[in-house]
Amino acid sequence: MPDIDQPPTIKQRVDRAVAALSRGSATEAIADLDVVVQLLPENADARCLRGVAARMRGEIELALDDLRS
């Protein structure tokens with residue numbers, strides 16, 4: 001059983017973001033992915049997913065920035 005006092009791991013945040021994207025909730029996904037990118041700026045998966053989420057919100061320049069990183 002997970003410890004509810006512990007913050008989500010990087011993997012849990014990415015998994016939650018993928019689930020949010022599959023539900024069409026780009027804003028929810030970006031919230032988790034922002035944390036992942038802040039902690040691990042080199043995480044290409046998180047940057048790519050955040051780019052997809054930004055595109056879903058119509059934020060083309062932000063999407064391109066992440067997809068180019």
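Quick notes
- Pairs are defined by a Cβ separation below 7 Å, a sequence spacing of at least 6 or placement on different chains, a first member in the stretch 3-15 that is closer than 12 Å to V36 by Cβ, and a second member that is among the small types (G, A, S); the pairs so defined are V14/A46.
- Where a residue in the stretch 32-49 is more than 13 Å from L21 (Cβ to Cβ) and its partner, wherever it lies, is among the small types (G, A, S) and surrounded by fewer than 20 Cβ atoms within 10 Å (Cβ to Cβ), with Cβ under 7 Å and at least six apart: R47/S69
Bear in mind these aren't lab numbers, they're just calculated from the coordinates by the rules spelled out. Bear in mind the structure is a predicted one, so any value in this text is a computation, not a measurement. We place every Cβ from the backbone using ideal geometry, glycine too, and count neighbours over all the protein chains shown.
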